[in-house]
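Everything on this sheet refers to the single structure shown next.
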Protein chains: 4
Amino acid sequence: MGNIFGHSFRIATFGESHGPALGVVIEGCPPRVPFDLDFLKKELARRRPGQSDLTTQRKEEDQPEILSGLSPEGLTLGSPIAIIVRNKDQRPSAYTEMKAAYRPSHADFTYDAKYGIRAVEGGGRSSARETAARVAAGALAKTVLDHACGAKITAWVESVADIQMPQLAKTPTQKQVDASPTRCPHPATAEKIAECIRAARSQGDSVGGVICCVISGLPAGLGSPVFDRFEADLAKAMLSLPATKGFEIGSGFAGTQLMGSQHNDLFIKKGGRIRTSTNRSGGTQGGITNGEDVVFRIAFKPTATILQKQKTVRPDGKETSLAAKGRHDPCVLPRAVPIVEAMAALVAVDHWIRDRGQNESFGRCGRKA
Amino acid sequence: MGNIFGHSFRIATFGESHGPALGVVIEGCPPRVPFDLDFLKKELARRRPGQSDLTTQRKEEDQPEILSGLSPEGLTLGSPIAIIVRNKDQRPSAYTEMKAAYRPSHADFTYDAKYGIRAVEGGGRSSARETAARVAAGALAKTVLDHACGAKITAWVESVADIQMPQLAKTPTQKQVDASPTRCPHPATAEKIAECIRAARSQGDSVGGVICCVISGLPAGLGSPVFDRFEADLAKAMLSLPATKGFEIGSGFAGTQLMGSQHNDLFIKKGGRIRTSTNRSGGTQGGITNGEDVVFRIAFKPTATILQKQKTVRPDGKETSLAAKGRHDPCVLPRAVPIVEAMAALVAVDHWIRDRGQNESFGRCGRKA
Amino acid sequence: MGNIFGHSFRIATFGESHGPALGVVIEGCPPRVPFDLDFLKKELARRRPGQSDLTTQRKEEDQPEILSGLSPEGLTLGSPIAIIVRNKDQRPSAYTEMKAAYRPSHADFTYDAKYGIRAVEGGGRSSARETAARVAAGALAKTVLDHACGAKITAWVESVADIQMPQLAKTPTQKQVDASPTRCPHPATAEKIAECIRAARSQGDSVGGVICCVISGLPAGLGSPVFDRFEADLAKAMLSLPATKGFEIGSGFAGTQLMGSQHNDLFIKKGGRIRTSTNRSGGTQGGITNGEDVVFRIAFKPTATILQKQKTVRPDGKETSLAAKGRHDPCVLPRAVPIVEAMAALVAVDHWIRDRGQNESFGRCGRKA
Amino acid sequence: MGNIFGHSFRIATFGESHGPALGVVIEGCPPRVPFDLDFLKKELARRRPGQSDLTTQRKEEDQPEILSGLSPEGLTLGSPIAIIVRNKDQRPSAYTEMKAAYRPSHADFTYDAKYGIRAVEGGGRSSARETAARVAAGALAKTVLDHACGAKITAWVESVADIQMPQLAKTPTQKQVDASPTRCPHPATAEKIAECIRAARSQGDSVGGVICCVISGLPAGLGSPVFDRFEADLAKAMLSLPATKGFEIGSGFAGTQLMGSQHNDLFIKKGGRIRTSTNRSGGTQGGITNGEDVVFRIAFKPTATILQKQKTVRPDGKETSLAAKGRHDPCVLPRAVPIVEAMAALVAVDHWIRDRGQNESFGRCGRKA
């Protein structure tokens, strides 16, 4: 259990870090949506290892293969779309020592406790490599979302360790975000972050940080109270990502220090529709989108895998010590940006289809706002 | 959609704030668990309005009625348990003005946008009154959890506005928490918080804050990677609560500022089993419990309903202003404590049963650790 | 588990035969549908015990109470609708003997085997009394279906024991069906069936039979291949009813004896749309409705409870014998007709909403075909 | 929607008849079950086209590839197991004519009506080729079932057209079933059936029939009343198969002609446990297995594809005629036998895990009855 996500637009993912392949089956996709293999590849490339000197040097081209669900013209058929990505650069030998000892703050111990067996190499299913399948599904979700209502999703690195970028006046473009390998759209901060990550790497250490994400262009009315509030599903989606420790929407934790009279978003009429003058709510009220930008933040801990020697125990409880040897990201945030976007797209499309159906989303005659 | 929570231990809730009744159907409960009506009442009393001068003065006794699922001896039958609580103190007249205008930062506008209709009185389904049903289900979940593995759940108010209690050396008892109507277990802080809430009320304003919750006594092995990680389901559960804006587990947002070498929890052998020397992970690794305390925090915004006059619009977009007249909590946190505990219990039991089944949880011969 | 039915229009039922109440929570219902309490009562009255001398004489008025989900004007709000029916005529004493012995072909033994506990009186959750909740939900589903596309559902008794009515030229009306307490719309056959049931009763015995059901007016396009084919969900719905032993759609078992060239339904153009010249398919092809009548049959076994003495064992395995003393139906079919219709309505509405969404079903401006 | 089956042991299938590949993702599988690639291949070979002169001559080796979820030693890891089978012998040209006209009693028209697009070649997703994925998943389910409780599943062809084999004294072995390419275990009947199928083929026609299936060795207690009764889930599973028109369990439709006193299964004590003296119930009572053989039958219509010319219409409604040219089975039953077994295995394992959990099924120390 636990490998299927979504209610009406659902994905089932599979694959271990060093197994034959990773992949995803996407079902509930509206028919007749043009799905672009180039766009899929581009999204996967944004998550791929080895993009820059700030990420792991594992060599994976992450070439996707679509096995089903498309017409010869590249239109979705309404049937499940399966996408696989083969693993190429497996180096199981790098993990020999890890078989004998539990890596601190990794899932080795808990997988053993749960299943009584684990895929030792690269953490198997617990590896962040699993997220390639999410990004593949997210590429389709972004496409559906764009066709459904023109909504866009943009995430970026807001802080790493104690380096925090200043508040931007408006949501950056993806181009601005991707301009730096750090995926921080504020050049001066990006430079500091890059330095910080390189310093951590050179010390055999790691750093964490915060990603901010905005979904803009969603209509009011998405979200299914009471349990499947839009932000509740976002929170679950984000906390299902490896290394995440926190989620906040709108004013978040800081907002708890305001008075109600300061915090409330006043309704106004603007551009012919009902808007709010501020957006401390973060785009949802009562669990339903209100037509403003959905704005949320996710906390990522520093990568658990570090090259420094750490004390730990073996499966039999005997004390030992361990230093990682595999190829690892000293900071997961730059590569996590497209993953966060993918999960956000999956949540948004799922709620769109709950509200409007698999087939009415696009009617019988193309795009429908 | 959106009113069913859980996968194997599932609840379906219903009820509007000023409708005839609220309630819940709980299914997947293991058979032969003694469910105590007194305990149910006690839990509901902890959430009830009118507990103290810090909460709303709406008069609701919240007397539960169990309609199904128990044997004459009070044992669960394995069939669904339905519990209802009738609404008594409805005052629809208090909401006449709110029909004509959208309350700022409330769900009036979004419910209208989604459904094209709304229960005006007290916010209908979007009211926090809905959480009575969650607390009722949580009472059963706590009972099941106790019988299954002896696990306990304790939540408390950690901060209100900018008043923050000091870090405690160990998890407070429920008695310590409930000793103050603020549900802050640190007496000096509790006093300041009470004053702060009274001040907000007297100004017709409101305050928010942070609740901390600990689940202790869970075995290692609960949680279903990759999407249904234990903390992902907790995050969803908490963000499904009215007025929540954030969730963090273990080191949370603050942990993003540490280096990996500072953040990692080292494994040690202690008391005959594998433990961690610190608990920055917050009790889960790779989405699976590791046997340490599960520790998380939830951010609650200041109550949206305030007695001060605020600008807003009417459904037709025309500008107007509005001051609340109903009876409302100037701060939701004291009453939110048992609600947070209830949701945590529901998540924990759901994962217990996913792992061990509806019937094996207790075997055929009583309690099983 | 097992008490929730449906994917997008979902119901959760609860209640034991001799417990305080039965009920259902319905979620995913489109907003702004007028739900008529009189219609609800009328549907329940069609299932009620004591309708005629052919049914059990248990006295239950089955007065429904709607606890949530409706506006003061009786429109659905889009939130869950909870309906309860209280049990009035409990006579637990009639079941004393049954505590000590397993009733043949009843669920006493299997509930004990599964749960290690059972509600002895009247079979508890396994009683057909549970179906009152289904009929209540079905009343809403019929209403939604009518508003969505004008589709109608009619079931009737086609055979009892070896008495079989002749094939009708067209689907009978509900009035024709309800004209006889047997719910067989062919008067001559109805008379024979009534006699047959009375004879079985006088011998302390019971009889079974076959119900036929037609859904007319559904658009082409409902059903979700491959697993959630329209007929697959119907089959599950019908086999989930007490006492059912078989389901067939269209040509069914008899159709297995035809050649393909005899069996195929040829496409024709008629009345401006694509139709089939015959309907051996029974209204679905490839698991999707084709716009023809959906026609299916359900086999009901003779009632397990009989007044004749039968051999059986006690829970400890010791041999004993047992004769029923409670009030029971000598034939379940007359009262099963509205239950079959209810389940058919639930399946149809669920697929309608999967296809078109909770909110698009009716648009923002009323009925939509 | 519609491509995921099961609640706790779930499969997601994908693939069009003439697309790149078919496949399945299986999740919820207990860890540490040895899964044998040879067994998987053997099961697929039993379903493969071109087995004999009674089946289609499409050449597909159906070589499976396992992409995830197994340890190097072939043990399940508890994570999803993905299996794909590539399509090799596509001949889209055979379907050119079918693009222009709807094949009678096929899904061409309904897929167009639902999705507004369809994979013309071989029926795309509506093709019975899709069932290869089910057989692959069923191979794993059979393995799990065997390890869990030693239960076995055997299906066979009982009748074709009007040729009916005599009732057997006991369940045939798979070897007896597979001895004839007809998969009828009664040699004299098998011969007649083979002749009948060859005759149909030579006339460009097709035949249907009935398959019987027995699950033996299940413990009492599986099944989740009220909606997820064991037989309800079986009925859905079977009616989700292409070409099925009916399902019956135990006494089925014929049993409706018996009196209750003839039909009831009396409880007896035998071999130290509670049994029934007859098995008209077909192995379940109240939707829960009673420890007797689960016995059910499925009606398959004659194959819709025939080589004779038939009248039909084009998508624009214009009349035309059509004769199939592809390679097709004149009778689906021989190849449907392993498919029926696969679906039965999936239902049984799903209920096993609902009852006993993903991890308790096998405990931490191997096989557990």
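The values are calculated or read from the model by the stated rules, or taken from the named source; none is laboratory data. A quick note: this is a predicted structure, and the numbers were derived from the prediction, not measured. Neighbour counts are summed over all protein chains in view; Cβ atoms, including those assigned to glycine, are modelled from backbone coordinates with ideal geometry.
Some notes on this structure:
- Residue within the stretch D:354-366 that is surrounded by 24 or more Cβ atoms within 10 Å (Cβ to Cβ), among the small types (Gly, Ala, Ser), modelled with pLDDT of 85 or more and under 30 Å from D:GLY78 (Cβ atoms) present: yes
- For D:PRO166, the conditions (1) farther than 16 Å from D:PHE296 by Cβ; (2) outside any helix (DSSP H, G or I); (3) of a type outside the set (Lys, Arg); (4) in contact (Cβ under 8 Å) with a residue 24 or more places away in the chain all hold with the exception of (4).
- Condition check for C:PRO104: over 23 Å from the mean Cα position of the chain (by Cα), part of a loop (DSSP other than H, G, I, E, B) and either within 30 Å of C:GLY208 (Cβ to Cβ) or within 14 Å of chain D (Cβ to nearest Cβ) (or both): yes
- Boolean, C:ASP112 is touching a Lys or Arg at 6+ places or on another chain (Cβ under 9 Å), touching a residue at least 60 places away in the same chain (Cβ under 8 Å) and not in a loop (DSSP other than H, G, I, E, B): yes
- C:SER277 vs. criteria farther than 23 Å from C:THR13 by Cβ, polar (S, T, N, Q) and facing chain D (nearest Cβ under 7 Å): no
- Subset of the stretch D:295-306 that is more than 7 Å from chain C (Cβ to nearest Cβ) and touching a helix residue (DSSP H, G or I) at 6+ places or on another chain (Cβ under 7 Å) - its residue that is farthest from C:TYR115 (Cα to Cα): D:ILE298
- Residue within the stretch D:141-153 that is in a helix (DSSP H, G or I), of a type in the set (D, E, K, R) and in contact (Cβ under 8 Å) with a residue 60 or more places away in the chain present: yes
- A single entry from D:ALA200, D:ALA148 fulfils the requirement of being among the aliphatic types (A, V, I, L, M) and within 30 Å of D:ASP355 (Cβ to Cβ): D:ALA148.
- Taken over the stretch D:214-236, residues that are more than 8 Å from chain C (Cβ to nearest Cβ) and over 12 Å from D:TRP352 (Cβ atoms) amount to 2.
- The set of residues in the stretch C:1-60 that are more than 16 Å from C:MET343 (Cβ to Cβ), aromatic (Phe, Trp, Tyr) and within 13 Å of chain D (Cβ to nearest Cβ) contains only C:PHE14.
- Inspection of the stretch C:303-322 identifies at least one residue that is in contact with a Cys (Cβ under 8 Å, 6 or more places away or on another chain) and of a type in the set (Val, Ile, Thr).
- Hits in the stretch D:117-138 (condition: facing another protein chain (nearest Cβ under 10 Å) and either of a type in the set (Lys, Arg) or farther than 23 Å from C:PHE230 by Cβ (or both)): D:ARG118, D:GLU121, D:ARG125, D:ARG134
- Just one of the listed residues (B:ALA243, B:ALA232) is of a type in the set (A, V, I, L, M, F, W, C), surrounded by fewer than 24 Cβ atoms within 10 Å (Cβ to Cβ) and under 26 Å from B:PHE9 (Cα atoms), and it is B:ALA243.
- Residue count for the stretch A:254-273 under the criterion of being surrounded by fewer than 22 Cβ atoms within 10 Å (Cβ to Cβ) and either touching a strand residue (DSSP E or B) at 6+ places or on another chain (Cβ under 6 Å) or at the interface with chain B (Cβ under 7 Å from one of its Cβ atoms) (or both): the result is 7.
- Residue within the stretch D:307-326 that is in contact with a Pro (Cβ under 8 Å, 6 or more places away or on another chain), more than 8 Å from chain C (Cβ to nearest Cβ) and either among the basic types (Lys, Arg) or within 26 Å of D:GLN167 (Cα to Cα) (or both) present: no
- Residue check for D:ILE211: part of a strand (DSSP E or B) and surrounded by fewer than 22 Cβ atoms within 10 Å (Cβ to Cβ): no
- Evaluation of A:GLU121 against (1) without any contact (Cβ under 8 Å) to a residue 12 or more places away in the chain; (2) under 22 Å from A:SER17 (Cα atoms) (one fails), failing number: (1)
- Residue satisfying all of: in the stretch A:191-216; of a type in the set (Gly, Ala, Ser) and over 18 Å from the mean Cα position of the chain (by Cα); farthest from A:VAL177 (Cα to Cα) among these: A:GLY204
- Odd one out for D:LEU75, checked against (1) crowded, with 21+ Cβ neighbours inside 10 Å; (2) within 9 Å of chain A (Cβ to nearest Cβ): (1)
- Of residues in the stretch B:237-252 being within 28 Å of A:ARG198 (Cα to Cα) and in a strand (DSSP E or B), the one farthest from the other protein chains (Cβ to nearest Cβ): B:ILE249
- With respect to the conditions (1) of a type outside the set (A, V, I, L, M, F, W, C); (2) within 20 Å of C:HIS147 (Cβ to Cβ); (3) outside any loop (DSSP other than H, G, I, E, B), C:GLU97 falls short on a single one, namely (2).
- Residue within the stretch A:71-81 that is closer than 24 Å to B:PRO225 by Cα and touching a Phe, Trp or Tyr at 6+ places or on another chain (Cβ under 9 Å) present: yes
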